[in-house]
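The values are calculated or read from the model by the stated rules, or taken from the named source; none is laboratory data. Please read these numbers as outputs of a predicted model, since none were measured by experiment. Every residue, glycine among them, receives a Cβ derived from its backbone with ideal geometry; neighbour counts consider all protein chains shown. These area figures cover heavy atoms from the full protein model, side chains too; ligands, DNA and RNA do not enter into them. Shrake-Rupley method; radii C 1.70, N 1.55, O 1.52, S 1.80 Å.
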Amino acid sequence: MQNINSKLPEVSTTIFTVMSQMASRYNALNLSQGFPNFDASPELINLVTKAMQEGYNQYAPMPGFSPLREIIADKNNALYNHSYYPETEVTITSGATQAIFTIIATFISPGDEVIIFKPAYDSYEPSISLFGGTVIPIQLSASTYGVNWEEVASKISSKTKMVIINTPHNPSGSVLSKEDMLQLEKLLKNTDIILLSDEVYEHIIFEGQSHQSVALYSGLAERAFITASFGKTFHTTGWKMGYCLAPKELMTEFRKVHQFNVFSSNNPIQHALATYLKNPDNYLYLSDFYQKKRDLFLSLIANSRFSFTPTSGTYFQLLNYSSITEENDITFAERLTKEHKIAAIPVSVFNQNNRDDKVLRFCFAKTEDTLKKAAEILCNI
């Protein structure tokens, strides 16, 4: 067979897979990959079962089950006071990552530049590269993971086609403020730059803060895709269900690609979600729910040698280990897994030039028992 000319020669197996496999191999607590180890709502599971039993087992409409799109539009309007038309501006996807990939596939061509903020979720860059785009990385500081908007302004050029933001931010747990969004709105004004806003953790934000969705800002919403995840919201990451929102002219182009990518997403789950979303309590409780887990975890490791700033959103907590060892974070993460039986994600893999800040990411979307076991290990390192 002839040599294969890889379109992604520098891409290897994702760190999430690597660390989860290592956790399994060494029988370690897995606080690496971002998934809950507790069950989803029995009500939601019963609704999916009911939909299957009632025969909703064939293709859903390409843009998604209409009642689900309608209730998503109602939800967004209630939370962010911005109206999206269900028929033309809401599309159900097979997870947020599929939506992100499809957005990039739809709009990025060779020579286009895309600004991203590092550390960045690891699907952004390969998707951009796959379609010939050029990644313009902006490295966030390890102290606050805040955005330097003057630096962003300096990176915008005539080739800038897209900016990707993520709030609440994975892996740092930082959140963009109202002032951040106003700065971004000002920078993008009078341009044709598309904004991709990854908002999968919109309901997991702490200390009474309000999620600053781009839907709140007309100058951003007019040029933006919002991607969201039912998996993150309803503890069902294995279902791979999400959606995206965008103005009609952008969504029309998105659907041209979406229909040849997955065509449509899981039909019985869409029927179940259309019912489950009618009760806002099913998602509005999440901030309190996860803040309690965060606070428990941090209280249990308060006397450890790790240092930290409490995460502002998501269900991830960064821990700095510079008082423990000078090892690079990949080596230390591997040693923790093998010797101490706890797995985490080394953050350098998300940074520009693999910058090592001696920081690991731990997922606290776990049962109290798991968090207590994890804390006991971390306090003895």
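Tabulated values for the structure
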read-out	value
Where Y56 falls short, out of the listed (1) of a type in the set (F, W, Y); (2) touching a residue at least 40 places away in the same chain (Cβ under 8 Å); (3) under 28 Å from T191 (Cα atoms); (4) assigned to a loop (DSSP other than H, G, I, E, B)	(3)
Boolean, A333 is among the aliphatic types (A, V, I, L, M) and outside any helix (DSSP H, G or I)	no
Residue in the range 154-161 that is over 20 Å from L220 (Cα atoms) and in contact (Cβ under 8 Å) with a residue 40 or more places away in the chain present	no
Residue satisfying all of: in the range 77-107; hydrophobic (A, V, I, L, M, F, W, C) and touching a Pro at 6+ places or on another chain (Cβ under 8 Å); most open to solvent (accessible area, probe 1.4 Å) among these	A78
Checklist (1) of a type in the set (A, V, I, L, M, F, W, C); (2) touching a strand residue (DSSP E or B) at 6+ places or on another chain (Cβ under 7 Å); (3) open to solvent by 40 Å² or more (accessible area, probe 1.4 Å) applied to L360, failing item	(3)
Scan of the range 34-72 for residues that are within 30 Å of K373 (Cβ to Cβ), aliphatic (A, V, I, L, M) and touching a Phe, Trp or Tyr at 6+ places or on another chain (Cβ under 9 Å), ordered by number	A40, L44
Helices (runs of 4 or more DSSP H) contained entirely in the range 78-185, each with at least 2 residues that are under 25 Å from R255 (Cα atoms) and out of contact with any Leu (no Cβ under 7 Å at 6 or more places or on another chain)	86-89, 96-107, 124-130
Given (1) in contact (Cβ under 8 Å) with a residue 24 or more places away in the chain; (2) closer than 20 Å to Q212 by Cβ; (3) in a loop (DSSP other than H, G, I, E, B), index of the condition P63 fails	(2)
Of all residues making up the range 51-74, the number that are surrounded by fewer than 20 Cβ atoms within 10 Å (Cβ to Cβ) and closer than 28 Å to K256 by Cβ	12
Residue, farthest from I377 (Cα to Cα), within the range 1-50, restricted to residues that are open to solvent by 90 Å² or more (accessible area, probe 1.4 Å) and small (G, A, S)	S12
Flag for R25 being under 30 Å from D192 (Cβ atoms) and out of contact with any Ser or Thr (no Cβ under 7 Å at 6 or more places or on another chain)	no
Residues satisfying the stated conditions in the range 114-126, i.e. of a type outside the set (V, I, T) and touching a helix residue (DSSP H, G or I) at 6+ places or on another chain (Cβ under 8 Å)	K118, P119, A120, Y121, D122, S123, Y124
Scope the range 108-158; condition under 20 Å from the mean Cα position of the chain (by Cα), open to solvent by 20 Å² or more (accessible area, probe 1.4 Å) and of a type in the set (V, I, T); matching residues	V135, I136, T144, V147
Condition check for L187: open to solvent by 10 Å² or more (accessible area, probe 1.4 Å), farther than 18 Å from M162 by Cβ and free of Cβ contacts under 8 Å to residues at least 40 places away in the same chain	no
Close pairs from the range 265-294: first within 16 Å of L79 (Cβ to Cβ), partner in a helix (DSSP H, G or I), Cβ under 6 Å, at least 6 apart	L277/I71; N282/Y276; Y283/T233
Pair list, Cβ under 8 Å, 6 or more apart: the range 131-148 residue on the phi > 0 side of the Ramachandran plot, other residue polar (S, T, N, Q) and modelled with pLDDT of 95 or more	G132/S109; Y145/S172; Y145/S174
